Structure formats: structure tokens, C-alpha cells
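Below: the structure, in C-alpha cells.
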Amino acid sequence: MKSQRLMMAFLLLCAIAAAKDTPMQGTIVSENSVPCGSQAEGKKKTTELMCQEYVIRTDSTEYHVRQEKEAHKALLPVNAAVELTLKKDKMKFNLNGKEYEMLVVSESAAPSSATPPATSKP
């Protein structure tokens, strides 16, 4: 009995992990500049570095992601549709013919829509 529960839990975790690698549809809903460190300019002077943080919303989840590589510092358009894949703490997607790899810094449940759900008529 205990081994059956362990096997079911293992299979469930494998299914969740496999679902993260499948392509999902999402939309870039916002962009903010956030502090992401500092850089020394002299003995006593430092400059705060800013990074772009994007919120990408899928059907059920909102992901807060940051550009990880210096080569991808271009601003991405808000309300752009993307097809994304997740692997561990990385998100990959193509936009306007360029591939981006972002670092997922947080995720949360997507807010429910303001429209009430459709009801069936008897």
C-alpha cells in the first residue's frame, strides 16, 4: 500500500515536470525597471544597476522574468504573444525572430478575469 502511494506521487511529479517542458501560450503584460545590483566606479562611488523585469501571463500563471544575458537588453513590446517553454528556473521564447532566455524570479496564480463565467441555460 505504501509503495503504491510512493509510485503514484512519483508519477504525478514526473507528469508535472514533463508539462513544464511543453510549449505554452503567453502574453507579455508589463515591464518594469528593477534594481539588480551595483557596480563600483571608484574607491567610494558605486552605481546602481537596473534590469528589465517582465510579467508574462499564461492561462493559469503569471511569471516574473528578467533578462539574464547582457546581449538581450532590448525592450520587449507589451501585449506581445509568445510561445514559451520552462525548464527549471529558465524560460525560453521567440519574439520577432529572436530567441530570448529569461530567468524566472517568481511565479503566481494569474488573476481571474473580470467577466463572470458563462452559465448554461436549463
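May I ask you to list the residues in segment 72-113 that are among the basic types (Lys, Arg) and either over 14 Å from the mean Cα position of the chain (by Cα) or surrounded by 10 or more Cβ atoms within 10 Å (Cβ to Cβ) (or both)? Even if it seems obvious, please write down each step before you answer.
Let us first name the residues in segment 72-113 that are among the basic types (Lys, Arg), namely 73, 87-88, 90, 92, 98.
Lys73, Lys87, Lys90, Lys92, Lys98 - these are the residues of segment 72-113 that are among the basic types (Lys, Arg) and either over 14 Å from the mean Cα position of the chain (by Cα) or surrounded by 10 or more Cβ atoms within 10 Å (Cβ to Cβ) (or both).
Go through segment 47-70 and count every residue that is closer than 22 Å to Gly97 by Cβ, surrounded by 10 or more Cβ atoms within 10 Å (Cβ to Cβ), at pLDDT below 90 and not polar (S, T, N, Q).
Number satisfying all stated conditions: 2.
So the check is Cβ under 7 Å with 6+ separation or different chains; which pairs have a first residue in segment 18-29 that's in a helix (DSSP H, G or I) and a second one that's at pLDDT 90 or above and of a type in the set (S, T, N, Q)?
Once the first residue is in a helix (DSSP H, G or I) and sits in segment 18-29, its partners that are at pLDDT 90 or above and of a type in the set (S, T, N, Q) give Asp21/Thr85.
Test each condition in (1) surrounded by 11 or more Cβ atoms within 10 Å (Cβ to Cβ); (2) among the basic types (Lys, Arg); (3) not in a strand (DSSP E or B) for Lys44 and report the one that comes out false.
(1)
Looking only at segment 31-46, filter to residues that are farther than 16 Å from Asp89 by Cβ and among the hydrophobic types (A, V, I, L, M, F, W, C); which one of those is modelled with the highest pLDDT?
At the first step, the residues of segment 31-46 found to be farther than 16 Å from Asp89 by Cβ are 31-35, 37-46.
Among the residues that remain, those that are also among the hydrophobic types (A, V, I, L, M, F, W, C) are: 34, 40.
Values: Val34: 86, Ala40: 81.
That would be Val34.
The values are calculated or read from the model by the stated rules, or taken from the named source; none is laboratory data. Quantities reported herein were computed from a predicted structural model and do not represent experimental measurements. All Cβ positions, glycine included, derive from the backbone under ideal geometry; neighbour counts span all protein chains shown.
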